[in-house]
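This report refers to the structure that appears directly beneath it.
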Amino acid sequence: MSEQEAVANNAVEEPKTEKAENAVEETKEVKENGTGEVEPVAETEKEAPKEMRAVVLTGFGGLKSVKILKKPEPSVNEGEVLIRVKACGLNFQDLMVRQGAIDSPPKCPFILGFECAGEIEQVGEGVEDFAIGDQVVALPEYRAWAELVSVPAKYVYKLPKDVSHLDAVTITMNYTVAYILLFELSGLTQGKSILVHSVGGGVGQAIVQLAKTVPDVTIFGVCSKGKHEALKTAESPIDHLLERGSDYASEIRKVSPDGVDIVLDCLCGEECNKGYTLLKPMGRYILYGSSNVVTGETKSFFSAARSWWQVDKISPLKLFDENRTLSGFNLRRLMYQQHGDEYVKQTVQKVFSLFQEKKIKPLLDSTWALEDVAEAMQKMHDRKNVGKVILDPSLEPKPKPATPAKGKNKEDKKKQSSEEKKEPEEKKEENAKEEKKEEPVVNGDSAGDSPDSKKEASS
């Protein structure tokens, strides 16, 4: 090798070694500083947030606005606990939220649900009463219908050992409302009589069972005719079962001419006037809902206005003269706006004690997968549920019939018609080929050639 060639080779090798050294330095920088373009897959994996399934309201209105979507898993803030949800409670106020027929709803989209039960996975700073692994039930302000929810600890309650997640969401909200109505507001005592509207629903059944823990209480229950047989089968302890839409006031007067001591109304509208007139002296009327506002699938301003207009305006002087009491109860407002969380917590503990003593037995109507929430909501909207309706995130959704898209239907019809046109042509060609095959050939002549035609051809 000449000196010139050696110099040229050295000149080529120097840039190569410089490049290698630079590459090593770059990889070092990537490892030390976490920057650069090495291993982009690992970076995307780190950046991608974990997701969960959730029932999301995309807009106020009908059932089409309720979607099952993937949402980022919530983080735990100070004073909160993260719950892995095992069961969710469906309540009538969820239907009102969907329609926007509730005061101060959040802006869409947001996760629905006020009641859930599950296991604590994380505990935020400042939380002392809970630990990871605790089995709990929670009443958050929305966001309960998801696989994970972060809830302020003041709205979370530990479950006794013999209370399952399904039991918890069947009991907690319904029986807490019923307990407060009967024993805190109504002052239920031995020998009194009660009129209960929507007696076949979750709260209605809770009221009936709790009322029967007091001796000699007479219950008049009103619900749709379709629920009567189911309630009798379930051996619900209702003394007088009446049909919704009938003249139930006259039926009650036949049994109790003086009326009733307590009226518990979750309907509002014209039922307010009927209920008030049925009160005995010293009687108490309590409104705890306005489900008559929910008539169609979407919010109706006419229904809301009618419910308001049908209610007589009663003066305090009239209450004074007639020795009657009017009252109202809204659990959601008490908890989230009026700082009643500690009061509610004490009531929940009392309800759990009654369950453990087997004095109450919750009535479960049905359990649904998250994906079937629209069907569950429709059942409650149609007033067909007898007892509590529950959502279970672990359940598989019901199989749905496959319906092809509209565009595909048109294309399929075009293809089908074109294939039908082609079939006769193909059949004709096949028949012609078969006819040719069937013609025997003798000495190069076809069977169709006559001797006369041969002579003509030769001449």
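The values are calculated or read from the model by the stated rules, or taken from the named source; none is laboratory data. In this text, all values refer to a predicted model and were calculated from it rather than measured experimentally. Cβ coordinates were reconstructed from backbone atoms using ideal geometry, including for glycine residues, and neighbour counts include every protein chain displayed. Ligands, DNA and RNA are excluded from the accessible area calculation, which covers all protein heavy atoms including side chains. Shrake-Rupley method; radii C 1.70, N 1.55, O 1.52, S 1.80 Å.
With each label modelled as a point 7 angstrom along the Cα→C-beta vector, the residue 239-residue 253 pair spans 2.0 nm. Heavy-atom accessible surface of residue 398, to the nearest 10 Å², is about 100 Å², with a 1.4 Å probe and all protein chains retained.
Here the spin labels are modelled as points 7 Å beyond Cα on the Cα-Cβ line, and at residue 382 and residue 394 they lie 2.9 nm apart. Solvent exposure of the range 98-233, expressed per residue, is 35 Å² of accessible area, with all protein chains present and a 1.4 angstrom probe.
The GluC sites (Glu not before Pro) of the range 65-144 meeting both criteria, a DSSP state outside H, G, I, E and B (loop) and at most 15 other C-beta atoms within 10 angstrom of the site's C-beta, are 78, 125, 128, 141.
With a threshold of 28 Å on the Cα-Cα distance, the over-threshold entries among 313/359; 192/318; 67/227; 86/384; 70/161 are 313/359; 67/227; 70/161.
Apply 1/(1 + (r/R0)^6) to the Cβ-Cβ distance of residue 359 and residue 333, taking R0 = 35 Å, and write down the FRET efficiency to the nearest 0.05. Before the final figure, lay out each step's value.
Working: r = 29 Å, r/R0 = 0.82.
So the FRET efficiency works out to roughly 0.75.
Ranking 183, 130, 320 by solvent-accessible area of protein heavy atoms (1.4 Å probe, all protein chains present), from largest to smallest, gives 320, 183, 130. Segment residue 315..residue 184, full-extension length gain: 44.8 nm, with 0.36 nm per residue of separation and the alpha-carbon distance subtracted.
From the alpha carbon centroid of the range 116-133 to that of the range 58-90 is 17 Å. Exposure check, 1.4 Å probe, all protein chains in place: residue 51 carries approximately 110 Å² of accessible surface. For residue 48 and residue 349, the FRET efficiency from 1/(1 + (r/R0)^6), where r spans their Cβ atoms and R0 equals 35 Å, is about 0.25. Once the chain from residue 282 to residue 103 is taken as fully extended at 0.36 nm per residue, the excess over their C-alpha distance is 61.2 nm.
In this calculation the C-beta distance from residue 246 to residue 216 is compared with R0 = 30 Å, giving a FRET efficiency of 0.70. The heavy atoms of residue 366 present about 20 square angstrom of accessible area, all protein chains included, probe 1.4 Å. With one equal scatterer per alpha carbon and no solvent term, the Debye-computed log10 I(q)/I(0) for the range 235-293 at 0.14, 0.22, 0.24 1/Å reads -0.40, -0.97, -1.12.
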